[in-house]
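Colleague: Quick one: the structure is below, questions incoming.
The values are calculated or read from the model by the stated rules, or taken from the named source; none is laboratory data. Since we're looking at a predicted model, the values are computed, not measured. With ideal geometry, Cβ positions are generated from the backbone for all residues, glycine too; neighbour counts draw on all protein chains shown. The area values use the complete protein model at the heavy-atom level, side chains included, leaving out ligands, DNA and RNA. Shrake-Rupley method; radii C 1.70, N 1.55, O 1.52, S 1.80 Å.
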Amino acid sequence: MFRRVYLDNSATTPIDREVIDAMLPFLTEKFGNASSIHFFGQEARGAVDKARHQVAEIINARPNEIVFTSGGTEANNLAIRGLVEANEKYGKHIITSQIEHSAVKEVCQDMEKRGLEVTYLPVYEDGIVKTEDVKAAIREDTILISVMTANNEIGTIQPVEEIGKFVRRLREQGKKIWFHTDAVQALGKIPVDVEEIGCDLLSISGHKLYAPKGIGALYVRRGVRLHAQNIGGHQERERRGGTESVPHIVAFGKACELAKINLAETASNLKNLRDKFENNVAERISDIEPNGNRENRLPNISNISFRSVEGEGLLINLDLQGVAVSTGSACSSGSLEPSPVIRALGRNDELARGAIRFSFGKDNTEDDVEYVLEVLPKAVENLRRLSPNFQAAKK
Ligand SMILES: *Cc1c(COP(=O)(O)O)cnc(C)c1O
């Protein structure tokens, strides 16, 4: 029997059965428009309100600080563009990191085209931004800092609480500066609390948390001014026009409720699987380099560079044996560029190209890990046998 093991949970997760059950009635008999006055509308409105509470609760926000979006990408766009457009008169400088998701990075690059200046902070060998660097980069005209809560490729957790505390202090002194964090990967794996972090804007997404694709949210702290990017409807308190996707919102609410209840247990299970995997890989495969800080990272991500191996080749080889993993590389202009995140760690070409992300999810089992530990060493060995570099290095 052909076996499949899904170790790409940072790309997307399967939908939880309980989440499907919660959303199904809103795809069938409970089809109302949440803006309608009649029974059907009120039924939908009630469901959206309940979900808003559930989403708010997992990040310790107030329900009216939640803006539902189509996902993490839209939340990041709304956060950065929306804040800049509403507050450009206070300054034209943004600070971010070199390892942001493209939904932050490319929006920042677009802001540069609009005449803003952006500082991209380094993350050094361990993949973590230094708070001191953030402080040093702040200028008179800095209006926004956007640093992710945890990275999607190497899982490193950023010092968002320190940054948040500092930004708050500046604001108390009267400075016009705001802090956004992309918490899409962190949610459900580590505690994410907007009060602890002290952020003004925070992005989350459903499909990384066992809800469907196409739903996410932006937390907007009370009092923060934001220009809507979708206009033409009055939904989401004028911050995101468009008829709400009630089934998706209900699903996201349920997923957040479950994630909050199960956080400690899920995190500990994920860490056990991940650590078992890493310890065995280190024993069975030579010439590997784990990427990013070992301690300060999400419990479910393992990113490893295999010397003298092309990541793409290994990915395809594993896929043929039913194991799904990912590389962070992007196919740009026909050539495979190694992942910018691995690059930002200062890895050389060979190690950057040989990086693979294994990301565990709550449905993975010890048997899954055993299976991967069976096929991975052979796959690496086969690829290295074909690699002239590796043979030469061994002589
Ligand atoms: C997946 C992801 C996003 C994008 O979210 P979508 O819902 O897929 O648009 C943004 N940021 C991070 C860190 C992610 O991992």
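Colleague: Are any of the residues in the range 209-217 among the basic types (K, R), closer than 25 Å to K105 by Cα and touching a His at 6+ places or on another chain (Cβ under 6 Å)? Even if it seems obvious, please write down each step before you answer.
Modeller: Our first condition is that a residue be among the basic types (K, R); within the range 209-217, this holds for 213.
Of the ones still in play, those that are also closer than 25 Å to K105 by Cα are 213.
Add one more test, that the residue is touching a His at 6+ places or on another chain (Cβ under 6 Å), and what stays is 213.
Yes: one or more hits.
Colleague: A further question follows. Take G174 and decide whether it is without any contact (Cβ under 8 Å) to a residue 24 or more places away in the chain and assigned to a loop (DSSP other than H, G, I, E, B).
Modeller: For G174, the condition - without any contact (Cβ under 8 Å) to a residue 24 or more places away in the chain and assigned to a loop (DSSP other than H, G, I, E, B) - is met.
Colleague: Report whether or not F390 is within 22 Å of V123 (Cα to Cα) and either modelled with pLDDT of 95 or more or open to solvent by less than 40 Å² (accessible area, probe 1.4 Å) (or both).
Modeller: Values: within 22 Å of V123 (Cα to Cα): no; either modelled with pLDDT of 95 or more or open to solvent by less than 40 Å² (accessible area, probe 1.4 Å) (or both): yes.
The answer is no for F390.
Colleague: Among the listed residues I94, I128, identify the single one that is of a type outside the set (S, T, Y), surrounded by 17 or more Cβ atoms within 10 Å (Cβ to Cβ), touching a helix residue (DSSP H, G or I) at 6+ places or on another chain (Cβ under 7 Å) and modelled with pLDDT of 95 or more.
Modeller: Of the residues listed, the single one that is of a type outside the set (S, T, Y), surrounded by 17 or more Cβ atoms within 10 Å (Cβ to Cβ), touching a helix residue (DSSP H, G or I) at 6+ places or on another chain (Cβ under 7 Å) and modelled with pLDDT of 95 or more is I94.
Colleague: Restricting to the range 131-163, what's the tally of residues that are assigned to a helix (DSSP H, G or I) and either within 14 Å of the ligand (Cβ to nearest atom) or open to solvent by 50 Å² or more (accessible area, probe 1.4 Å) (or both)?
Modeller: 6
Colleague: Could you say which residue among L263, L270 is away from the ligand (no atom under 15 Å from the Cβ) and open to solvent by less than 10 Å² (accessible area, probe 1.4 Å)?
Modeller: Being away from the ligand (no atom under 15 Å from the Cβ) and open to solvent by less than 10 Å² (accessible area, probe 1.4 Å) holds for just one of L263, L270, which is L270.
Colleague: Moving on to the next point. Among what's in the range 191-209 and is β-branched (V, I, T) and in contact (Cβ under 8 Å) with a residue 60 or more places away in the chain, pick the residue that is farthest from the ligand (Cβ to nearest atom).
Modeller: Residue satisfying both the conditions and the ranking: V194.
Colleague: Taking the condition surrounded by fewer than 24 Cβ atoms within 10 Å (Cβ to Cβ) and touching an Asp or Glu at 6+ places or on another chain (Cβ under 8 Å), does E196 pass?
Modeller: Yes.
Colleague: Of all the residues that make up the range 275-298, how many are open to solvent by 10 Å² or more (accessible area, probe 1.4 Å) and within 15 Å of L7 (Cβ to Cβ)?
Modeller: Residues that pass the stated criteria total 4.
Colleague: Condition first: over 11 Å from A251 (Cβ atoms) and open to solvent by less than 70 Å² (accessible area, probe 1.4 Å). Now tell me which residues in the range 15-29 satisfy that.
Modeller: Listed by number, the list holds a single entry, P25.
Colleague: Okay, moving on. Please verify whether E161 is of a type outside the set (A, V, I, L, M, F, W, C), within 21 Å of the chain's Cα centre (by Cα) and in the same structural domain as I59 (by TED's automatic domain parsing), treating the condition exactly as stated.
Modeller: yes
Colleague: OK, next. Could you pull out every one of the helices (runs of 4 or more DSSP H) wholly within the range 1-94 that has 3 or more residues that are of a type in the set (A, V, I, L, M), within 24 Å of the chain's Cα centre (by Cα) and closer than 18 Å to Y210 by Cβ? Don't jump to the end; show me each part of the working.
Modeller: Details: elements: 17-23, 39-58, 72-87.
So the answer is 17-23, 39-58.
Colleague: Also, quick follow-up: Can you pull out every residue in the range 211-226 that is more than 13 Å from the ligand (Cβ to nearest atom) and touching a residue at least 60 places away in the same chain (Cβ under 8 Å)?
Modeller: Y219, V220, R221, R222, V224, R225, L226
Colleague: For E295, indicate whether it is without any contact (Cβ under 8 Å) to a residue 12 or more places away in the chain, closer than 28 Å to L270 by Cβ, assigned to a helix (DSSP H, G or I) and outside the structural domain of Q185 (by TED's automatic domain parsing).
Modeller: Spelling it out, it is not the case that E295 is without any contact (Cβ under 8 Å) to a residue 12 or more places away in the chain, closer than 28 Å to L270 by Cβ, assigned to a helix (DSSP H, G or I) and outside the structural domain of Q185 (by TED's automatic domain parsing).
Colleague: Out of the residues in the range 97-128 meeting the condition of being away from the ligand (no atom under 12 Å from the Cβ) and charged (D, E, K, R), tell me which one is nearest to Q158 (Cα to Cα).
Modeller: Kept after step one, since they are away from the ligand (no atom under 12 Å from the Cβ), are these residues of the range 97-128: 98, 108-128.
Those left that are additionally charged (D, E, K, R): 110, 112-114, 117, 125-126.
Details: D110: 24, E112: 24, K113: 27, R114: 28, E117: 22, E125: 14, D126: 11 Å.
Looking at residues that are away from the ligand (no atom under 12 Å from the Cβ) and charged (D, E, K, R), I get D126.
Colleague: Looking at the range 313-330, I want the residues that are surrounded by fewer than 14 Cβ atoms within 10 Å (Cβ to Cβ) and have a partner that is of a type in the set (G, A, S) and assigned to a loop (DSSP other than H, G, I, E, B) with Cβ atoms under 8 Å, at least 6 apart or on another chain. Which pairs are those?
Modeller: A330/S339
Colleague: Examine the range 242-264 for a residue that is closer than 29 Å to F40 by Cβ, of a type outside the set (D, E, K, R) and touching a strand residue (DSSP E or B) at 6+ places or on another chain (Cβ under 6 Å), and state whether such a residue exists.
Modeller: Yes, because at least one residue in the range 242-264 is closer than 29 Å to F40 by Cβ, of a type outside the set (D, E, K, R) and touching a strand residue (DSSP E or B) at 6+ places or on another chain (Cβ under 6 Å).
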